[in-house]
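Peer 1: Here's a structure for you.
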Amino acid sequence: MGLVLVGVAAILTRIEDWRRYTPLAGGGAVAVGEDTGYGHREKPSGVTRWLTTVDHKDIGILYGVFALLALAIGGLMVMVMRFELITPASDVVSPQFYNALLTSHGITMLFLFGTPIIAAFGNYFVPLLIGADDMAFPRINAIAFWLLPPGALLIWGGFLVPGIAPAQTSWTMYTPLSVEQAHVGADLMLLGLHLTGVSATMGAINFIVTIFTERGDDVSWANLDIFSWTMLTQSGLILFAFPLLGSAIVMLLLDRNLGTLFYAVGEGGGPILWQHLFWFFGHPEVYILVLPPMGLISYIIPRFAGRKLFGFKFVVYSTLAIGVLSFGVWAHHMFSTGIDPRLRASFMAVSLAIAIPSAVKTFNWITTMWNGRIRLAAPMLFSIGFISNFIIGGVTGVFLAAIPVNLVLHDTYYVVGHFHYIVMGAIAFAVFAGIYYWFPIFTGKMYQRTLAKWHFWLSMIGTNVTFFAMLLLGYMEMPRRYASYDMVTVGPLEAQTLLHQAATVGAVILLIGQLIFVWNVVSSWLDAPKVTDADPWDLKQSGLYTREFGWHADRLTAADGGQQQAVTDGGQQPTVTDDPPRRETDE
């Protein structure tokens with residue numbers, strides 16, 4: 001796989017000179033300062049701007065707004081599920097509706113929030129960080145986003161269209177259940193998933209070409225920033241994983257609607273074939289979601305620790321190692337399916353080995369903070385929260401990689417707790433850290449810092465109360481995906497009810513934290529005064545001032561009318577101190 005990726009990269013760098021801007025019809029480059037009639041055209045305003053834009057920054061904002069809306073919808077779905085689980089009986093929603101919420105919640109969070117929110121950061125900042133004018137293929141970039149809204153409507157179609165029952169297959173869509181369910185909502189969901197996969201693949205190709213060919217002359221592989229490294233690795237994973245999911249979905253649609261037998265028992269395929277195809281995509285998908293957040297944390301922590309990232313090369317190497325190893329661990333989801341024990345042992349070995357590069361990153365983050373000048377601003381708080389939650393999620397994952405433990409805990413709430421420590425406790429925390437860190441660039445304003453800290457503490461407490469309770473439920477062998485558990489015969493019912501109630505209380509705390517986040521972002525964006533300082537985090541003081549804030553400084557200068565003293569006689573510019581005025585900080 002590594003050799004294939006290297007080969008693809010080599011081909012991309014030799015197909016065409018992507019940096020060549022000479023018009024095809026002849027003529028030289030436009031002299032500096034000349035009006036081309038193209039580069040200086042003003043953007044349209046209002047709705048037309050957002051519907052027609054190909055600017056990477058605008059598309060990044062569109063991705064971000066879409067992803068946060070999906071996060072809100074997926075979060076409301078899970079709140080209904082948590083209220084259903086307060087008591088053992090089914091007394092809030094029907095089991096069928098619970099299963100529909102369970103299915104849509106998982107798909108919404110992974111495909112409509114996780115991947116798009118990463119694309120939001122990547123679209124906005126990768127060109128700025130590598131010195132590119134825009135993404136390599138701006139129109140494809142826009143198409144990749146505009147495939148997502150119809151994909152979301154199809155995924156939620158069973159809830160939106162009267163008379164069509166939503167899919168109840170769970171987000172893994174295991175056969176034969178997903179073949180036998182006659183609901184049209186399941187077909188709509190599969191088609192919507194297919195669109196989101198095409199969108200992600202188009203975006204991945206764009207990121208790969210952009211990072212390979214659009215870098216500035218001063219940006220080499222040696223000094224490429226860590227966030228761009230993780231985006232590049234993620235894009236490589238998407239390129240090989242998502243098309244496989246698309247193929248598996250097409251075969252499932254054919255089985256459902258045209259009577260083919262790809263996943264039929266005893267016909268050469270079988271239900272286990274779906275599991276192999278799905279998890280060959282599904283486990284790299286976990287790293288598709290977590291690698292860029294790791295890059296965000298690796299990028300943000302040094303800025304608030306006052307020192308460079310410890311072991312930068314090893315963080316890059318561990319990123320690439322995770323990318324390659326992630327395609328060799330999929331069958332640890334299938335230890336209980338009766339596959340050959342020799343195969344199980346090899347997959348257990350690789351599943352344990354992939355924890356090593358993740359541990360390398362963790363120790364590098366901790367060492368970066370060691371003896372640093374820590375500033376506990378909101379981005380740093382969420383970064384530290386990421387590390388602590390990631391350690392819990394990672395260690396619980398190591399247990400699941402061991403075959404004997406996996407056979408006991410498979411399909412229990414332990415798996416739910418482990419996975420959500422990674423998805424909510426790590427990925428979402430890194431997203432919040434990135435939003436707060438780059439909020440002055442996104443909006444030109446500063447958020448309310450006290451509310452941001454309330455957001456962090458409520459999210460941290462809510463995450464650990466909710467998902468640690470699920471780990472304990474898993475140790476009681478409480479099975480997952482049950483709408484009612486009054487008939488479950490494993491474990492004491494009173495203790496299980498108490499832990500479910502604790503998880504629901506934690507979910508309510510989480511919800512309150514996210515409401516504070518929404519209020520903070522919206523009110524600050526609308527009402528906060530503009531930030532006139534191009535270095536809002538005092539990065540110049542520690543020598544960690546980066547390219548995107550330099551771009552932000554140029555934008556502020558242009559907005560002020562470009563009031564800079566011209567030097568025409570070869571003399572020196574007036575001395576400008578790099579130290580911004582002192583102001584209240586989060587220390």
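The values are calculated or read from the model by the stated rules, or taken from the named source; none is laboratory data. Keep in mind that what you see is a predicted model, and the values were worked out from it rather than measured. Backbone-built Cβ (ideal geometry, glycine too); neighbour counts: all protein chains shown. Side chains are part of the model used for accessible areas, which takes the heavy atoms of the whole protein and leaves out ligands, DNA and RNA. Shrake-Rupley method; radii C 1.70, N 1.55, O 1.52, S 1.80 Å.
Peer 1: If you average 1/r over every pair of different alpha-carbon atoms in segment 450-489 and take one over that average, what Kirkwood value in Å do you get?
Peer 2: Answer for segment 450-489: a Kirkwood hydrodynamic radius of 12.1 Å.
Peer 1: Express the carbon and sulfur contribution to the solvent-accessible surface of the chain as a percent, rounded to the nearest whole number, probe 1.4 angstrom.
Peer 2: C and S atoms contribute 67 percent here.
Peer 1: Among 188-200, 229-241, what's the highest-first ranking by average C-beta atoms within 10 angstrom per residue? Before the final figure, lay out the partial values.
Peer 2: Numbers: 188-200: 22.5, 229-241: 24.8.
Output ranking for 188-200, 229-241: 229-241, 188-200.
Peer 1: How big is the charge dipole of segment 291-364 about its Cα centre, in debye rounded to the nearest 20, if each Lys and Arg gets +1 on its Cβ and each Asp and Glu gets -1 on its Cβ? Intermediate results must be reported in sequence, preceding the final value.
Peer 2: Working: 7 positive and 1 negative charges, 71 e Å.
That gives a dipole near 340 debye.
Peer 1: Straight-line reach only, C-alpha to C-alpha below 16 angstrom: list the lysines that LYS453 could link to, leaving out same-chain residues fewer than 8 apart.
Peer 2: none
Peer 1: Going by alpha carbons, how many degrees (0 to 90, nearest 10) lie between the helix axis of 413-422 and the longest principal axis of the chain?
Peer 2: The two axes meet at around 0 degrees.
Peer 1: Taking each pair of distinct Cα atoms in segment 398-480 once, what is the resulting Kirkwood hydrodynamic radius in Å?
Peer 2: Averaging 1/r across every pair of different Cα atoms and inverting gives 14.5 Å.
Peer 1: In whole Hz, what ³J(HN,Hα) sequence does segment 446-462 give by Karplus (6.51, -1.76, 1.60; θ = phi - 60°), x for Gly and Pro?
Peer 2: Once θ is set to phi - 60°, the couplings for segment 446-462 become 10, 6, 7, 5, 5, 5, 5, 6, 4, 4, 5, 5, 5, 5, 5, 5, x Hz.
Peer 1: What is the set of long-range amide H partners of THR412 at a cut-off below 5 Å, with H atoms built 1.01 Å from backbone N?
Peer 2: For THR412, the qualifying residues are ARG480.
Peer 1: Rounded to the nearest 500, what is the 222 nm mean residue ellipticity of the chain from helices alone, with -39500 (n - 2.57) per DSSP H run of 4+ residues and division by all residues?
Peer 2: -21500 deg cm²/dmol
Peer 1: Another question, if that's okay. In segment 280-355, how does Rg compare with the Kirkwood Rh, expressed as the Rg/Rh ratio over alpha carbon atoms?
Peer 2: Computed over Cα atoms, the ratio is 1.12.
Peer 1: Separate question: How many angstrom separate the Cα center of segment 275-338 from the Cα center of segment 88-109?
Peer 2: If we compute the Cα centre of each part, the gap is 30 Å.
Peer 1: For segment 117-164, just the Cα atoms, rotate onto the principal axes and tell me the three extents in Å, largest first.
Peer 2: Extents along the principal axes, in whole Å: 52, 19, 7.
Peer 1: Please turn the phi angles of segment 114-126 into ³J(HN,Hα) values with the Karplus equation 6.51 cos²θ - 1.76 cosθ + 1.60 (θ = phi - 60°), one per residue in order, whole Hz, x for glycine and proline.
Peer 2: x, 5, x, 5, 5, 4, 4, 5, x, 5, 6, 10, 4
Peer 1: Next up: I need the phi-derived Karplus couplings for segment 283-296: 6.51 cos²θ - 1.76 cosθ + 1.60, θ = phi - 60°, integer Hz, Gly and Pro marked x.
Peer 2: My calculation for segment 283-296 gives 7, x, 4, 4, 7, 4, 7, 9, 5, x, x, 4, x, 4 Hz in order.
Peer 1: Another question, then. Using all alpha carbons of segment 191-340, what is the percent of pairwise distances in each 5 Å bin, ordered from the shortest bin to the longest?
Peer 2: 2, 9, 15, 17, 16, 13, 10, 7, 5, 3, 2, 1, 0
Peer 1: No solvent, one uniform scatterer per C-alpha: report log10 I(q)/I(0) for the chain via the Debye equation at q = 0.05, 0.08, 0.09 1/Å, two decimals.
Peer 2: With no solvent term, the Cα-only Debye profile gives -0.22, -0.58, -0.73.
Peer 1: Counting heavy atoms of the protein chains only and a 1.4 Å probe, report the per residue accessible area for the chain as a whole number of Å².
Peer 2: Using a 1.4 Å probe on heavy atoms only, each residue of the chain averages 44 Å².
Peer 1: Taking the convex hull of the Cα atoms, report for segment 70-225 its projected area averaged over all directions, in nm².
Peer 2: Hull-based average projected area comes out at 11.4 nm².
Peer 1: What number comes out for the charge environment of PRO138, summing +1 per Lys or Arg and -1 per Asp or Glu over other residues with Cβ under 12 Å away?
Peer 2: It works out to a net charge of -3.
Peer 1: Right, here's the next one. How big is the C-alpha Rg of segment 455-565 next to the rule-of-thumb value 2.2 N^0.38 Å, as a ratio?
Peer 2: 1.83
Peer 1: Considering amide H positions built from the backbone, and no H for Pro or chain starts, which residues 5 or more places from LYS445, or on another chain, come under 5 Å of its amide H?
Peer 2: The answer is VAL531.
Peer 1: Follow-up question, since we're still on this one. Taking amide H positions as placed 1.01 Å from N in the peptide plane, with prolines and chain starts having none, which residues 5 or more places from ALA132, or on another chain, fall under 5 Å of its amide H?
Peer 2: Residues meeting the criterion, in which the H sits 1.01 Å from N, are GLY216.
Peer 1: Let me ask you something else. Once the piece of chain linking ASN371 and VAL80 is laid out straight, how much longer is it, given 0.36 nm per residue of separation minus the C-alpha distance between them?
Peer 2: 100.3 nm
Peer 1: Could you sort the peptides 412-421, 117-126 by per-residue average Cβ neighbour count (10 Å cutoff), highest mean leading?
Peer 2: In decreasing order of mean packing, 412-421, 117-126 become 117-126, 412-421.
Peer 1: Taking segment 192-278 on its own, what percent of its Cα-Cα pair distances exceed 23 Å?
Peer 2: Value for segment 192-278: 42 percent of Cα pairs lie more than 23 Å apart.
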